[in-house]
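Here's the structure, in structure tokens; my notes come after.
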Amino acid sequence: MSKILVTGGTGYIGSHTLVDLIEAGFEVISVDNYINSDAKPLESIKEITGIQVKNYAVDLCDAKALKEVFEENTDIEGIIHFAALKSVGDSVADPVLYFRNNLVGLINLIECTLKYKIKNFIFSSSCTVYGNTEELPVTESTPEQEAESPYGRTKQIGEKMLKDAFNNTNTKCIALRYFNPAGAHSSIKLGESPVNKALNLVPVITETAIGKRDGMTVFGKDYDTRDGSCIRDYIHVMDLADAHTKAVKYLLGNDQLINFDTYNLGIGNGVSVIEAINAFEKVSGQKLNYEMGDRREGDVIAIYADYSKAKNNLGWTPKYGIEDIMDTAWKWEQARSS
Ligand code: NAD
Ligand code: WQD
């Protein structure tokens, strides 16, 4: 039973991945300072798996406290690094906050990885590294454009730091580039709990339907797409969790020859905002109160993934589509609002 250290384990994607790792037989510990979460997911993980995960409430920017976690756990075989701040808008308002949290945290974690000779490292990256690309679908070799935000910049720089830091070492690293994560665990005990007002499409839809918002706006109706709204690649959080487990197994099996590699995680299917709303209305039986509005500044018109590299190398194929995402997200919204 290999021990995996998960940073950001009480966050949205981290908590779902902990469940998947436990169910795959891994021993896990978490480091999360609750800057964008709380301890409740640990209770839910215990309800789902029967395992109480130990979380160290340590800020990754605190190098001394982080080292103590490694001193206490000398048998860590791999790291999955989710912990980061992720609000695009906040990062524009305060770039230095994002650089400090996401990059200093990563530097400290890289130092520990090398000092404690951890051989396997997985990094949460994002389709945001591609910027406003026109090449569709996006492959891992699609050239990166200028980052659209300081948040996006931390992902571009983070990947480059990992590549350089692990070059000519015994550590192998995978950066997983998620497209648009959404949905909840099928038990409806875990899901996305935005600390602040939700900005991403799926929670905006469910919050509108439950009545937390009076209505919502579709940002843009005259894009050059099949129905005039933007197109994205929505990926179920449990498909993402599965990809992390498969990536860990791939690294532990010494299947990766190079020190750093990247993988797209999307379902490869573009879904428009209107199609997403239609899927929600179909599975929930709710009529959504929305209006067609102006474009949102900075929005890419369309982006979706070619995930064939993850399929061929990691043996990963997404199982869920937009209706499964909406179904679980809606049930989760109802459960947490009751
Ligand atoms: P989240 O905010 O739910 O989880 C991140 C967790 O990290 C939180 O629990 C937070 O408390 C913790 N954290 C942040 N900074 C920390 C620090 N310095 N020390 C210790 N803990 C810290 O976010 P998420 O949606 O689960 O995202 C996980 C990762 O995936 C992030 O790196 C994010 O950038 C990346 N990502 C997310 C999306 C998305 O849309 N959710 C898309 C692409 C990439
Ligand atoms: C999706 C679509 C909106 C809200 C963001 C980050 C990206 C990555 C994933 C982390 C767009 C439309 C939304 C609303 C709408 N995160 N929309 N009305 O912008 O694709 O990506 O999350 O790495 O870096 O930028 O996601 O969910 O905000 O928007 O019409 O009220 O929904 O215009 O077309 P986005 P999103």
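So which residues in segment 205-226 are of a type in the set (A, V, I, L, M) and closer than 19 Å to Ile301 by Cβ?
Passing the criteria: only Val218.
Among what's in segment 210-260 and is more than 27 Å from Leu288 (Cα to Cα), more than 16 Å from ligand 1 (Cβ to nearest atom) and charged (D, E, K, R), pick the residue that is least open to solvent (accessible area, probe 1.4 Å).
Going through the qualifying residues, I end up with Lys246.
May I ask you to verify whether Tyr56 is of a type in the set (Phe, Trp, Tyr) and within 20 Å of Ala182 (Cα to Cα)? Explain how you work it out, then say what you get.
Details: of a type in the set (Phe, Trp, Tyr): yes; within 20 Å of Ala182 (Cα to Cα): no.
Here the answer is no, as Tyr56 does not meet what is asked.
Would segment 98-110 turn up any residue that is out of contact with any strand residue (DSSP E or B) (no Cβ under 8 Å at 6 or more places or on another chain), in contact (Cβ under 8 Å) with a residue 12 or more places away in the chain and open to solvent by 80 Å² or more (accessible area, probe 1.4 Å)?
Looking for residues that are out of contact with any strand residue (DSSP E or B) (no Cβ under 8 Å at 6 or more places or on another chain), in contact (Cβ under 8 Å) with a residue 12 or more places away in the chain and open to solvent by 80 Å² or more (accessible area, probe 1.4 Å), one finds at least one in segment 98-110, hence yes.
For segment 287-338, give me the residue count where each residue is part of a loop (DSSP other than H, G, I, E, B), more than 16 Å from ligand 2 (Cβ to nearest atom) and open to solvent by 50 Å² or more (accessible area, probe 1.4 Å).
5
Among the numbered criteria (1) open to solvent by less than 50 Å² (accessible area, probe 1.4 Å); (2) within 23 Å of the chain's Cα centre (by Cα); (3) more than 11 Å from ligand 2 (Cβ to nearest atom), which one does Lys189 miss?
(1) is the only condition that Lys189 fails.
What are the pairs with Cβ atoms under 6 angstrom where one residue, in segment 145-161, is touching a residue at least 12 places away in the same chain (Cβ under 8 Å) and the other, located anywhere, is of a type in the set (Phe, Trp, Tyr)? Sequence gap at least six, or different chains.
Matching pairs, first to second residue: Pro150/Tyr98; Tyr151/Tyr98; Thr154/Tyr98.
Which of the residues that make up segment 148-186 are crowded, with 19+ Cβ neighbours inside 10 Å and among the aliphatic types (A, V, I, L, M)?
Of everything in segment 148-186, those that are crowded, with 19+ Cβ neighbours inside 10 Å and among the aliphatic types (A, V, I, L, M) turn out to be Leu162, Ala165, Ile174, Ala175, Leu176, Ala182, Ala184.
The values are calculated or read from the model by the stated rules, or taken from the named source; none is laboratory data. All values reported here derive from a predicted model rather than from experimental measurement. Here Cβ is always computed from backbone atoms with ideal geometry, including for glycine, and neighbour counts include all displayed protein chains. Accessible surface areas use protein heavy atoms only, side chains included; no ligands, DNA or RNA. Shrake-Rupley method; radii C 1.70, N 1.55, O 1.52, S 1.80 Å.
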